[in-house]
Amino acid sequence: MDITLSWDWTRTDLKALEKALKVSNVSVLRLHLGQPQESVIWKLLSMSTRYEQLVRIIELRKMKSICIVLSPDLIKLTNLSSRKPPHLHELSFEMNPSTIGDSDFRELVNALKTDMPLTSLYLMHRSIGKERALALSEGLKTNTTLTRLCLYHNNIGKEGVLALSAALKVNTVLTRLNLTRNSIGDEEALELSEALKANKALTRLDLGTNSIGNEGALALSEALKTNTTLARLDLSYNYIRKEGALVLSEALKANTTLTSLIFWGNRIGDEGALALSEALKINKTLTSLDLRYDSIGKEGSVALSEALKVNTALIDLNLEANSVKKEEALALSEALKVNKALTSLDLSSNSIGDEGALALSEALKTNTTLARLDLSCNYIRKEGALALSEALKANTTLTSLIFWGNRVGDEGALALSEALKTNVTLTNLNLGSNSIGKEGALALSEALKTNTTLTSLNLRSNPIGPEGALALSDVLKTNKALARLDLRYDLIGK
């Protein structure tokens with residue numbers, strides 16, 4: 001059972017929970033505690049008294065597994081069970097303190113050294129500096145319980161990264177480490193890469209929004225050639241350019257465990273995309289590749305399309321906000337006709353236009369794997385909507401079509417409405433900000449009278465007016481499938 005007491009909970013709430021658990025059949029519990037009600041009485045209570053009710057829940061003999069996400073003010077683990085009661089198969093805690101003083105931090109480090117059952121620790125937003133990072137690293141060297149550590153947006157410095165890298169060489173349980181926004185540069189990346197060569201536990205490393213350049217990318221690439229556990233690597237928004245993409249692509253040719261590479265915002269350009277494309281022709285394990293905002297144009301898009309024709313592993317490709325136009329969309333559509341793996345393709349904020357939409361529509365008529373397609377903000381008008389509607393009549397796998405900001409108008413909405421009358425797979429349709437008026441809304445409402453699969457329809461920021469809104473609301477009386485209808489900012493009136 002998963003229970004969240006998100007805001008203003010009290011000791012009375014915990015007492016009620018304990019009472020309910022005593023008479024229930026629940027034996028597995030995940031309890032997420034938000035901010036408690038800070039009454040005068042609460043502030044006067046000792047820390048041990050505040051924890052008392054949690055201890056009573058932990059000691060319930062019928063419980064077999066308990067995970068408690070502690071509220072921001074409950075950070076003294078010594079007030080909870082230091083050892084797992086014999087009736088429990090599993091006991092764990094997650095901690096996300098809002099603030100933490102020096103004495104509490106020292107106590108936390110000692111808890112790590114004594115293997116308190118703390119499994120997740122989130123210390124974000126400048127609460128950790130160099131000295132604390134050094135102390136934390138010492139705790140990690142012997143700890144055998146912590147599996148997730150988030151140090152997002154801190155200032156741990158070079159010495160802190162060096163200490164954490166040393167800890168990673170001997171730590172055998174930490175699987176996730178988030179070092180996003182920590183001013184990590186090439187030297188620090190080199191230290192982390194040495195740790196990755198020795199570490200056998202880490203599966204996820206987040207290094208986004210740092211200052212890693214091509215040299216840092218080279219060091220991490222060398223580690224990826226031998227590392228056998230890392231599955232997800234986030235290098236987004238660093239200073240890696242085409243040279244860095246080239247060395248990473250060489251690593252991907254040898255690596256057999258990485259499944260997700262987040263690489264957006266590095267401006268690798270066509271040459272970088274070309275190098276990664278060559279790796280995709282060989283790599284058999286990467287399933288997700290994020291190349292948003294990477295300055296990829298015609299040559300890079302065509303190269304990626306060619307790779308998709310032979311790649312059998314990649315299921316998620318994000319090319320948002322590059323320079324994909326109609327010719328590049330044509331190349332991608334040809335790839336989709338033969339690719340049997342890709343399930344999600346994001347082309348939002350590009351410039352494929354009606355001709356690009358036509359090409360992709362032809363691919364959708366025969367493609368049997370793509371489930372999600374994002375074409376938001378692509379200068380697609382009614383002609384493109386008409387082509388896509390014809391594709392939806394034949395396609396049997398697409399479940400989500402995001403079409404925000406394309407100005408298809410009433411004629412485009414009418415065409416898509418006709419598709420909805422026969423399509424039996426689409427569950428999510430986003431037509432927000434598409435200049436759809438009353439006539440388009442009426443057409444969509446007619447389609448919803450017979451459609452039994454669409455569960456979410458977004459018409460936000462369209463001038464459908466009161467009549468359009470009324471028609472759509474009337475449909476909800478009989479349509480049993482649609483669970484979400486967004487009509488915000490639609491000039492409905494009062």
For residue 298, which lysines qualify as cross-link partners when the Cα separation must be under 29 Å and same-chain residues fewer than eight apart are set aside?
242, 253, 281, 284, 309, 325, 326, 337, 340, 365, 382
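Hey, what did the stretch 336-494 get for relative contact order, percent, Cα under 8 Å, at least 6 apart?
17
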Compute the distance in nm between two label points, each set 7 Å from the Cα along the Cα-to-Cβ direction, one at residue 450 and one at residue 2.
3.8
Derived scalar couplings ³J(HN,Hα) [the stretch 290-301; Karplus, 6.51 cos²θ - 1.76 cosθ + 1.60; whole Hz; x for Gly, Pro]
10, 10, 4, 6, 10, 6, 8, x, 4, 4, x, 5
FRET efficiency (residue 103, residue 25; Cβ distance; R0 45 Å; to 0.05) is 0.60
Could you tell me whether the stretch 50-196 comes out rounded, prolate or oblate from its Cα gyration tensor? Rule is a ≥ b ≥ c as square roots of the eigenvalues, rounded for a/c under 1.5, then prolate if a/b exceeds b/c, otherwise oblate.
prolate
What is the angle, in °, between the Cα long axis of helix 157-170 and the longest principal axis of the Cα atoms in the chain? Nearest 10 is fine, range 0 to 90.
80
19 Å Cα-Cα reach of residue 64 towards aspartates and glutamates, excluding residues that sit fewer than 8 places from it in its own chain:
2, 18, 90, 94
For the stretch 447-494 and the stretch 266-344, what is the separation of their C-alpha centers, rounded to whole Å?
36
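I need the shape label for the stretch 172-287. Rule: rounded when a/c is under 1.5, else prolate if a/b > b/c, else oblate, with a, b, c from the alpha carbon gyration tensor.
It is oblate, given that a/c is not under 1.5 and a/b is not larger than b/c.
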Starting from the amide H of residue 93, placed 1.01 Å from N in the peptide plane, find each other amide H under 5 Å away whose residue is 5 or more places distant or on another chain.
68, 118, 119, 120
Kirkwood Rh in Å, taken over all unlike Cα pairs in the stretch 336-494
15.3
Tabulate in residue order the Karplus-calculated ³J(HN,Hα) for the stretch 239-250, using 6.51 cos²θ - 1.76 cosθ + 1.60 with θ = phi - 60°, rounded to whole Hz; enter x for Gly and Pro.
10, 8, 10, 4, 5, x, 5, 5, 6, 5, 5, 5
Fewest-first ordering of 164, 472 by Cβ atoms within 10 Å yields 472, 164
Taking the chain and counting helices only, DSSP H stretches of n ≥ 4 at -39,500 (n - 2.57) each over all residues, the nearest-500 ellipticity at 222 nm comes to -12500 deg cm²/dmol
Relative contact order for the chain: what is it in percent, counting Cα pairs under 8 Å that are at least 6 residues apart?
6
How charged is the neighbourhood of residue 337? Take every other residue with its Cβ under 10 Å from the Cβ of residue 337, and add Lys/Arg as +1 and Asp/Glu as -1.
0
What does the net charge come to around residue 393 if you take all other residues with beta carbon closer than 14 Å to its beta carbon, with K and R at +1 and D and E at -1?
-1
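Sorted by average packing, counted as other Cβ atoms within 10 angstrom per residue and highest first, what order do 14-22, 424-432 take?
Ranking, from highest mean packing down: 424-432, 14-22.
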C-alpha long axis of helix 409-420 to longest principal axis of the chain, angle in °
80
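Cα gyration tensor of the chain, axes a ≥ b ≥ c as square roots of the eigenvalues: rounded (a/c below 1.5), prolate (a/b > b/c) or oblate?
Values: a/c = 2.39, a/b = 1.33, b/c = 1.80.
Here the chain falls in the oblate category.
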Here the stretch 371-378 yields Karplus 3J(HN,Hα) values (6.51, -1.76, 1.60; θ = phi - 60°; whole Hz; Gly and Pro given as x) of 10, 9, 9, 10, 10, 4, 6, 10
How far is it, in nm, from the label point at residue 187 to the one at residue 260 when both lie 7 Å from their Cα along the line to the Cβ?
3.2
If I take every Cα pair under 8 Å that is 6 or more residues apart in the stretch 357-440, average their sequence separation and divide by the length, what percent do I get for the relative contact order?
33
Helix 47-58: angle to the longest alpha-carbon principal axis of the chain, degrees 0 to 90, nearest 10?
70
Please give, to one decimal in nm, the separation of the simple spin-label points placed at residue 37 and residue 89, each 7 Å out from Cα toward the Cβ.
3.6
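Taken together, the values in this text are just the output of simple stated rules run on the coordinates, not laboratory data. Being a predicted model, the structure only gives us computed values, none of them experimental. Note that we place each Cβ from the backbone using ideal geometry, even for glycine, and neighbour counts take in every protein chain shown.
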